[in-house]
Amino acid sequence: MPDYTDRLITLVIPVKDEEREVVADVVFKAQAHGWQVIVVDDGSMIPSTLATIRFETSRGYGAAIKAGIKKATTEFIATMDGDGQHTAWDVKRLEDFLVYFKPDMVIGDRRLKEQGVRLWGRKVLNWTASLFAGRWIADLNSGLRIFRRSIALGYEPILSDRFSFTTSITLSMLADHYYVDWLPIKVWPR
């Protein structure tokens, strides 16, 4: 097994009911950057050659990320969805931002072009969270982010096992005055 202790990030990819070919492509492109890649299969039974950690039944998005964080060996954790909407290129951009500006967490700002109820729902969520955090939150729920592993492990008992993992870690870090920043990213259709 390779030693990744000299690397800056481990990429954790939670997978639930995604096409095997899409997951394989995401993993292949990520491994080309030399990152440790941990694929957590959340009960969807993708081939064992792709899954680093396998849950026999679904435990949730946050539980999958937390399992990957515990297995990682690097100082920082990057997360991206396994459905092909994010790219390794954007992970590398976030990693470069991290090296240069040294935040405790950098989040991919999707700048989605939604309409109707989804648009207003996301705006209300971001406005409300921004009000509680005392600063503007550009994208609360982006699955593409990099954060300090040690901080996430400290918050582990309060981080959600479900989709609100991203919300809970973002608000927790902002409430404790960690340096959190956003970088615009491109989102590809699934």
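The values are calculated or read from the model by the stated rules, or taken from the named source; none is laboratory data. Predicted model, so just to flag it, every value in this text is computed and none were measured. So basically every Cβ, Gly included, is an ideal-geometry build from the backbone, and we count neighbours across all protein chains shown. Keep in mind that these areas ignore ligands, DNA and RNA; they rest on the heavy atoms of the full protein, side chains included. Shrake-Rupley method; radii C 1.70, N 1.55, O 1.52, S 1.80 Å.
Ranked by the mean number of other Cβ atoms within 10 Å per residue, highest first, peptides 7-14, 67-74 order as 7-14, 67-74. Trp35 contributes an accessible area of around 10 Å² to the protein surface, as traced by a 1.4 Å probe with all chains present. For semi-axes √(5λ) of the Cα gyration tensor in Å, the value calculated from this model appears in (i) 36, 26, 15; (ii) 33, 15, 14; (iii) 24, 19, 17 under label (iii).
Placing unit charges on C-beta atoms (Lys and Arg positive, Asp and Glu negative, everything else neutral), compute the dipole magnitude of the chain about its Cα centre in debye, rounded to 20.
Numbers: 25 positive and 24 negative charges, 90 e Å.
Here the chain has a charge dipole of around 440 debye.
Counting only DSSP beta bridges whose two residues both lie in the chain, roughly 30 percent are antiparallel. Positive-end ranking of Ser44, Leu94, Ile13 along the dipole of the chain, with charges on Cβ about the Cα centre, is headed by Leu94. What percentage of all Cα-Cα pairs in region 85-190 are separated by more than 23 Å? For region 85-190, the share of Cα pairs beyond 23 Å comes to 25 percent. Annotation: lysines with alpha-carbon distance below 28 angstrom to Lys16 (same-chain offsets under eight excluded): Lys29, Lys66, Lys70, Lys71, Lys92, Lys113, Lys123, Lys186. The candidates Lys92, Lys186, arranged from most to least accessible area with a 1.4 Å probe in the full protein assembly, appear as Lys186, Lys92.
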